[in-house]
Amino acid sequence: MHTGDIVKKDEDGYFYFQSRLDDMINVRGEKVWPREIEQVLESNPKIQEVGVVGVKDDYYGQAIKACVVLKEGMEASEKEIIDFCKDKLAPHKIPHKIEFLKELPRTPLGKVMHYTLRK
């Protein structure tokens with residue numbers, strides 16, 4: 001059965017959800033999982049929440065785009081957010097584009113709608 005979910009099995013035989021196959025970003029042949037980048041960006045004290053997606057790019061195949069919601073009263077530039085990632089992520093995992101939003105689009109269950117962020 002193929003559901004599109006990526007799971008990890010531990011040594012005790014338990015399965016843990018990792019991500020969705022269609023969320024994977026292919027940057028010049030390197031597989032990048034958005035959750036890893038989201039966790040790094042969420043550690044930034046200015047960021048409230050973030051959604052990471054792959055967007056079409058002629059050179060990279062897909063480039064990484066981070067949609068960022070800043071905490072109330074905070075300001076940040078695209079360069080500042082990208083620089084924050086440089087010593088925490090491999091070069092091919094650093095976002096190429098930062099889009100600042102007031103809120104992330106969500107489903108009625110509260111999950112971030114990554115497919116909407118790609119548009």
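Rule-based calculations on the coordinates, nothing more; no lab input. Everything quoted here is computed from the prediction, not taken from an experiment. Virtual Cβ from ideal backbone geometry, glycine too; neighbours counted across all protein chains shown.
Taken over the range 25-118, the ratio of Cα radius of gyration to 2.2 N^0.38 Å equals 1.03.
If you take all other residues with their beta carbon under 10 Å from the beta carbon of ASP57, and give Lys and Arg +1 and Asp and Glu -1, the sum is +3.
For the range 25-118, what does the relative contact order come out to in percent, with C-alpha contacts under 8 Å and a separation of six or more? Reported as a whole number, the value is 29 percent.
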